[in-house]
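The structure appears right after this line, and notes come after that.
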Amino acid sequence: MSRIGRLPVAIPAGVEVTVAENNVVTVKGPKGTLERALPVEMEIKVEDGSVVVSRPNDLKRMKSLHGLTRSLIQNMVIGVNTGYTKTLEVNGVGYKAAKQGKKLVLNLGYSHPVEMEDPEGLESKVDGNKIIVSGINKEKVGQYAAEIRDKRRPEPYKGKGIKYADEVIRRKVGKTGKK
């Protein structure tokens, strides 16, 4: 049995989970609604305050889908209940981040400011040198944070660039002068 797949997903108060035909799972909560079509091979049941996922047989593909399906449901439940956030830090002389309406404007040492539009259902906030991306869909929050980071990745010599708040940059020693 899959260690993750066999665990039931607890449904907190205020969250409603419905399973339609072809395993289309809809999760409604205080923060919003998420809908996702999950693999049709898995059997998803809502039983007394929790969601249980079971697989038909022990083929390798079924084993891998078992844990995945359960994790996706868990992420949806957490998303509509509490939401997800990712924090990025902007480091470097003259590197700045600012908000203009729904646009995130980044000055990252290029000849022009980089403008990024907030995707549907996501929100970004700027607090000093920190950028906070929040939303109910874990996948979209992570993807947008990764796209922001890609505009100027941290470099190993001075650590300039955009990094995740919990990311550790492995620093390198710079070149030394002649003796």
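The values are calculated or read from the model by the stated rules, or taken from the named source; none is laboratory data. What you see is a predicted model, and the numbers here were worked out from it, not measured in a lab. Reconstructed Cβ throughout: ideal geometry from the backbone, glycine too, with neighbour counts over all protein chains shown. Just the protein is used for accessible areas: all its heavy atoms, side chains included, with ligands, DNA and RNA removed. Shrake-Rupley method; radii C 1.70, N 1.55, O 1.52, S 1.80 Å.
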Checklist entry - Restricting attention to the range 134-142, does a residue exist that is open to solvent by 70 Å² or more (accessible area, probe 1.4 Å) and among the β-branched types (Val, Ile, Thr)? => result no
Next on the checklist: Take Leu72 and tell me if it is assigned to a strand (DSSP E or B) and open to solvent by less than 70 Å² (accessible area, probe 1.4 Å).
Outcome noted: no
Checklist entry - Of the residues Val52, Val27, which single one is in a strand (DSSP E or B) and over 28 Å from Ile148 (Cβ atoms)? => result Val52
Next on the checklist: Of everything in the range 87-120, what is hydrophobic (A, V, I, L, M, F, W, C) and surrounded by 10 or more Cβ atoms within 10 Å (Cβ to Cβ)? Give them in sequence order.
Outcome noted: Leu88, Val90, Ala97, Ala98, Leu104, Val105, Leu106, Leu108, Val114, Met116
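Return yes or no: is Asn57 in a helix (DSSP H, G or I) and loosely packed, with under 15 Cβ neighbours inside 10 Å?
So Asn57 does not fit the description; no.
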Checklist outcome for this item: Among the residues of the range 7-46, the number that are in contact (Cβ under 8 Å) with a residue 60 or more places away in the chain, farther than 10 Å from Val77 by Cβ and open to solvent by 40 Å² or more (accessible area, probe 1.4 Å) is 3
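One line per residue, one yes/no per condition, for (1) among the aliphatic types (A, V, I, L, M); (2) under 26 Å from Gly29 (Cα atoms); (3) over 15 Å from the mean Cα position of the chain (by Cα):
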{"residue": "Thr85", "(1), (2), (3)": "no, yes, no"}
{"residue": "Leu88", "(1), (2), (3)": "yes, no, no"}
{"residue": "Asn91", "(1), (2), (3)": "no, no, yes"}
{"residue": "Gly101", "(1), (2), (3)": "no, no, yes"}
{"residue": "Val105", "(1), (2), (3)": "yes, no, yes"}
{"residue": "Leu108", "(1), (2), (3)": "yes, no, yes"}
{"residue": "Glu120", "(1), (2), (3)": "no, yes, no"}
{"residue": "Val133", "(1), (2), (3)": "yes, yes, no"}
